[in-house]
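Colleague: Next up is a structure, given as structure tokens.
The values are calculated or read from the model by the stated rules, or taken from the named source; none is laboratory data. Given the structure is predicted, the values throughout are model-derived calculations rather than measurements. Note that we place each Cβ from the backbone using ideal geometry, even for glycine, and neighbour counts take in every protein chain shown. Surface accessibility is based on the protein's heavy atoms, side chains included, excluding ligands, DNA and RNA. Shrake-Rupley method; radii C 1.70, N 1.55, O 1.52, S 1.80 Å.
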Amino acid sequence: VSDKIPSGDHETLNLTLPPARPSFEKGEEPYNIVELGGGTGMLSAGLSLALNDVESTTRLICTDNDKPTLKNMRHNISRQPASTNMNKTVRIEPLDWGDDVGGDKFSSALRSQFRNRSTETTRETCDHEQPQDPLRLLSHLIASDVLYGTTTVDPLSSVISAVKLRNPHVIVVLLLKERSPNSVAILKQKIEAKVQQGLDMKDQPCESNLQGFQVS
């Protein structure tokens, strides 16, 4: 792993629907996790080691949109001992931050990595909802150190709000470094505004699932 974690204070944002659930608890239902801006892949690799037991109940997709970075992530994952089963539990995929959340290609990756592992069929859904949306397979959306000033606020808030609108139950956990004044606060506002805008554009009875959504 060539990159270093930047020093300095970090702020954790836990984006959940009330009542808030613990972010991760080993031994509970299987976790299906997507990491945004995975960098070296260290966070996904660490979570795989920490959360997986003999049955390997946690699956992750570690993403980035830079080809050399993706190559480095694949290299780092492939170097892990075979006993960790990491080539199976952690998948590396390209993902650009935007409203379409990677389109059909990323949707296929979600289905492939998380198939037959979702609890979505046990959740209450409205008749109009489409449980086959692969984003509804996610339990968590995570990211670490992905906020580089105001230039990343718009794309980052777009992809997070898009996932949250398509999967109201997903837990979003971000570990962020404040690199410019108020950048974290601005990101919070952008995410909340885009989620609310998305709800306002829909005329669906299940919109109440996200009423009161806040970034805390």
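Colleague: So which residues in the range 64-93 are charged (D, E, K, R) and either open to solvent by less than 90 Å² (accessible area, probe 1.4 Å) or touching a helix residue (DSSP H, G or I) at 6+ places or on another chain (Cβ under 8 Å) (or both), if there are any at all? Explain how you work it out, then say what you get.
Modeller: Looking only at the range 64-93, we keep the residues that are charged (D, E, K, R), and these are 64, 66-67, 71, 74, 79, 88, 91, 93.
Within the range 64-93, Asp64, Asp66, Arg91, Glu93 qualify.
Colleague: Evaluate the following for Pro155: is it surrounded by fewer than 22 Cβ atoms within 10 Å (Cβ to Cβ) and part of a loop (DSSP other than H, G, I, E, B)? Walk me through how you get there before you give the answer.
Modeller: Working: surrounded by fewer than 22 Cβ atoms within 10 Å (Cβ to Cβ): yes; part of a loop (DSSP other than H, G, I, E, B): no.
Criteria not met by Pro155.
Colleague: Checking Thr63 against (1) polar (S, T, N, Q); (2) under 21 Å from Asn167 (Cβ atoms); (3) modelled with pLDDT under 95, which test does it fail?
Modeller: Evaluating Thr63 over (1) polar (S, T, N, Q); (2) under 21 Å from Asn167 (Cβ atoms); (3) modelled with pLDDT under 95 leaves (3) as the failure.
Colleague: Take the residues in the range 190-216 that are assigned to a helix (DSSP H, G or I) and exposed (fewer than 14 other Cβ atoms within 10 Å of the Cβ); name whichever of them is modelled with the highest pLDDT.
Modeller: Let us first name the residues in the range 190-216 that are assigned to a helix (DSSP H, G or I), namely 190-200, 205-210.
Next, only the ones that are exposed (fewer than 14 other Cβ atoms within 10 Å of the Cβ) stay: 193, 197, 200, 205, 208.
On the way: Ala193: 93, Gln197: 90, Asp200: 83, Pro205: 49, Ser208: 43.
Only one residue tops the list, namely Ala193.
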